[in-house]
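To keep things clear, I will list the structure first and then write my remarks on it.
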Amino acid sequence: MDGGAAPQPVDHDRQALLAQICPSEALPAAILDESSNMGSDDTLQSARLIMDCEQQSIPKLTKEAKKLLRKQNKARHTLLRHEGIDSVPYATQNLVVANGGLGNGVCRQQLLSILAKCGVVEVLLMPPNKPYSFVRYGTIEEAKRAYTTLSGEEIMPNDSEQRISLYLNFVEKVHWEDFGPPPMPPGLRVIDDFVTVEDEESMLQSIDWATDKENESAQKSLKHRKVKHYGFEFRYDNNNVDKNKPLPGGFPEICELMLEKVVAQGLIEFKPDQLTVNQYEPGQGIPPHIDTHSAFEDGLISLSLGAQIVMDFKHPDGRTVAVLLPRRSLLVMTGESRYLWSHGITPRKFDVVQASEGLSVGAITVDAGDITLNKRGTRTSFTFRKVRTIPCNCAYPSVCDSQNSHQKPNSPSVPGSNTDASKLEQEYVHHVYEEIAGHFSSTRHTPWPKIVDFLKGLPKGSLVADIGCGNGKYLGLVKELYMVGCDRSKNLVDICGEKNFEAFVGDALSVPLRSFSFDAVISIAVIHHFSTEERRLASISELVRLLKPGGKALIYVWAMEQEYMKQKSKYLKENRNNRGTQDVHDSVTSMLPGERGLDENSQEAACTYRATSDEKHKDCHSSPCVNPKLPVHTNRTAFDSQDVLVPWHLKSGNKTKDRPGGSPTPLPGSDGQQAGSPVFHRYYHVFCEGELEALCQKLGNIRIQQSYHDQGNWCVILEKL
């Protein structure tokens with residue numbers, strides 16, 4: 001059962017409670033209609049529903065039943081708001097099971113064994129990476145039994161110490177397309193059982209992971225895996241090999257025998273002379289990358305030993321293919337799959353794989369009726385390459401370092417002057433938000449609880465400025481406050497106007513408002529868009545200028561540390577392929593650590609943040625470098641650099657307001673190769689721990705009241721003295 005916990009025994013007391021609130025027997029349809037279309041205040045709606053029950057002479061609900069009802073309604077409302085799943089107030093054969101999904105770490109075998117206690121399960125659909133599933137029973141009576149028996153039941157997902165509760169609701173129909181497996185990238189082959197069990201054991205034993213004192217450069221313990229090189233060392237500082245410094249010794253003898261078999265079968269053109277052995281523990285991975293063109297010839301092969309793995313391939317146009325590499329299989333990459341598609345392994349402990357026997361190799365389908373979770377084991381990969389001696393002249397110049405070495409790179413550099421910084425922000429911040437304003441606004445609707453707490457804690461009648469207000473998400477939140485918003489994007493300010501909010505276009509470095517005028521200001525996910533420390537400090541100084549003495553400012557910026565105090569941020573948890581265990585009502589659609597949604601290839605780069613005098617930051621950066629190129633960050637992964645470009649994939653159908661037909665024109669900050677669905681790159685400086693406080697303390701007229709980490713953001717509340 002893939003490590004799943006045994007089903008919990010039926011709680012008969014809970015059955016009695018559920019019987020009181022079963023939609024087909026206990027509650028009037030009018031009440032259920034109200035509960036199934038709840039507003040943002042779920043607690044208030046549930047309280048009204050309970051009062052209606054009492055007024056209509058329905059037996060008074062117990063405290064436990066009321067609590068379960070509230071959670072049931074909240075799950076129903078969240079599924080409707082965020083996933084478009086509409087429950088019905090009457091019994092059907094179909095149920096949606098909130099928190100019973102692959103995204104919660106619940107595997108098919110575990111959930112099926114629980115659901116089967118209540119009747120014959122005809123269909124079980126588990127959408128990839130979603131925190132819910134759909135079940136169809138043979139009869140309505142069986143579905144009703146599951147509703148009353150299993151709602152509120154606690155289960156222990158795979159490899160988790162935290163129990164979660166299932167919440168079931170009836171649905172009329174389940175719409176899910178039956179997709180076949182996507183086509184494999186051209187030139188990619190996976191050959192099952194390429195070596196025997198005995199050969200596997202011999203190859204694993206041939207690798208001595210003890211420190212090689214004679215040749216320490218050949219063996220490294222990277223942050224996410226152990227690695228050892230043979231033939232030539234692959235250098236991660238420049239993603240290349242030193243062709244004039246071969247390593248002493250050769251390949252292990254067992255590897256030479258395997259390579260003879262590869263060459264004899266004509267799988268690759270050149271016999272490899274470089275070997276990299278990687279060992280991955282469960283939860284480890286490698287960022288998406290293309291093996292450097294100038295370093296290696298065409299034809300890369302990789303042997304998977306010890307355990308199977310899912311490797312993700314991505315085309316520059318956004319197409320992705322998840323490929324299962326079984327234990328003892330050989331991966332062969334030639335042509336387009338070697339030169340153009342990136343490949344990587346998402347760091348997680350479970351992979352989504354086919355549930356059907358016989359589908360054990362190749363591209364993985366997204367058929368919700370035939371996927372489950374597979375727990376990873378320790379995998380050792382043997383990757384063989386042929387070192388290139390002449391420049392690459394492949395058919396893919398856009399991603400070829402040999403052919404681009406004398407061309408002006410498209411990626412901008414970390415700015416070296418205030419003028420460069422202003423140009424960078426104009427192209428990779430201001431222009432981008434004008435283009436994506438409509439799509440961006442559609443994903444920004446759920447207020448962050450701690451920001452709400454800050455606003456609600458202000459005295460009634462306080463005058464508050466939201467500098468960088470975006471679509472005005474916080475402007476109308478607390479009616480007792482007088483709030484005004486300011487944003488650099490005219491299109492976002494226009495959206496605020498459509499909501500009847502007070503907002504105007506302005507620059508956070510020079511806000512056209514009076515000094516000493518405001519009781520409070522907020523700056524949510526704005527300051528990290530300024531590309532030099534001087535400009536970031538100036539923006540904080542501008543916030544303080546607006547405050548009255550004693551006034552407070554709340555500042556949120558993206559954090560370098562997306563995993564803090566052993567807790568992953570929601571940003572990392574919502575990785576499409578690695579969502580952590582969480583209640584369904586926590587699966588909001590905000591895609592980013594702060595407010596302002598990520599993708600493309602990233603290298604294992606060092607942090608480009610330049611050192612400050614603060615000793616706290618020593619571990620957060622490498623040696624300073626001169627105007628390094630900005631790396632493009634990979635969506636929902638830990639940050640490798642502080643100064644990065646973050647992609648925004650403009651959803652088709654989102655139109656810009658200032659252009660007939662809404663067709664976006666490619667900008668310097670965008671990839672316009674795909675008409676109608678460009679990728680825009682936005683500049684970010686992600687903050688290390690202590691960096692925001694150190695920056696604020698450079699101002700002499702403030703006192704930091706509180707600093708904290710909130711879901712992937714560093715946050716400060718300061719008071720003007």
Run a plain Debye calculation on the range 417-573 (Cα atoms as equal point scatterers, no solvent) and give log10 I(q)/I(0) at q = 0.13 Å⁻¹, rounded to two decimals, same order as the q list.
-> -0.63
Which value in nm describes the separation of the simple spin-label points at N701 and L477, placed 7 Å from the Cα toward the beta carbon?
-> 2.7
Extension gain F516-T320, at 0.36 nm per residue separation less the Cα-Cα distance, in nm?
-> 65.3 nm
Stretch gain in nm, segment S398-I140, where the contour uses 0.36 nm per residue and the Cα spacing is subtracted = 87.1 nm
Over the range 71-137, give the accessible area per residue in Å² for a 1.4 Å probe, as an integer.
-> 28
The range 421-556: antiparallel bridges as % of DSSP beta bridges, rounded to 5, reads 5
Could you tell me whether the range 361-492 comes out rounded, prolate or oblate from its Cα gyration tensor? Rule is a ≥ b ≥ c as square roots of the eigenvalues, rounded for a/c under 1.5, then prolate if a/b exceeds b/c, otherwise oblate.
-> oblate
For F296, other-chain or 5+-apart residues with amide H closer than 5 Å (H placed, Pro excluded) are R388
Could you work out the relative contact order of the range 264-324, using alpha carbon pairs under 8 angstrom and six or more residues apart, expressed as a whole percent?
-> 26
Per the 1.4 Å probe, what fraction of the accessible area of the range 266-321, in percent, lies on carbon and sulfur atoms?
-> 50
What is the range 257-346 by shape, rounded, prolate or oblate, if you read a ≥ b ≥ c off the alpha carbon gyration tensor as root eigenvalues and call it rounded for a/c under 1.5, prolate for a/b larger than b/c, and oblate otherwise?
-> oblate
May I ask you to compute the full-extension gain from E336 to Y90, defined as 0.36 nm times their residue separation minus their alpha-carbon distance, rounded to one decimal in nm?
-> 83.2 nm
The range 374-489, accessible surface, carbon-and-sulfur percent (1.4 angstrom probe) | 52
Kindly identify the range 95-148 as rounded, prolate or oblate by the Cα gyration tensor criterion: order the square roots of the eigenvalues as a ≥ b ≥ c, call it rounded if a/c is under 1.5, otherwise compare a/b with b/c, prolate if a/b is larger, else oblate.
-> prolate
Burial ranking of peptide ranges 125-134, 198-207, 527-536, 86-95 (average Cβ count within 10 Å, highest at the top) = 125-134, 527-536, 86-95, 198-207
May I ask you to give the solvent-accessible area per residue for the range 388-506, in square angstrom, as obtained with a 1.4 angstrom probe?
-> 49
Cα-Cα pairs above 12 Å in the range 295-344: how many percent?
-> 66
What order, most packed first, do the peptides 183-195, 245-257 have when packing is the mean number of other Cβ atoms within 10 Å of each residue?
-> 183-195, 245-257
Could you pull out every residue, at least 5 positions away or on a different chain, whose amide H is within less than 5 Å of the one on F504? Hs are placed 1.01 Å off N in the peptide plane, and Pro or chain starts have none.
-> G485, C486, D487
In the structure displayed, which of K314/K473; K548/K629; K66/K349; K226/K629 lie more than 30 Å apart, Cα to Cα?
-> K314/K473; K548/K629; K66/K349
Sort 336-345, 462-471 for me by packing, meaning the mean count of neighbouring Cβ atoms within 10 Å per residue, highest on top.
-> 462-471, 336-345
Taking R0 as 30 Å, what's the FRET efficiency between N500 and E64 from their Cβ-Cβ distance, rounded to 0.05?
-> 0.10
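The values are calculated or read from the model by the stated rules, or taken from the named source; none is laboratory data. The model shown is predicted, which means the values in this text are computed figures rather than measured ones. In this analysis, Cβ positions are derived from the backbone assuming ideal geometry, glycine residues included, and neighbour counts consider all displayed protein chains. These area figures cover heavy atoms from the full protein model, side chains too; ligands, DNA and RNA do not enter into them. Shrake-Rupley method; radii C 1.70, N 1.55, O 1.52, S 1.80 Å.
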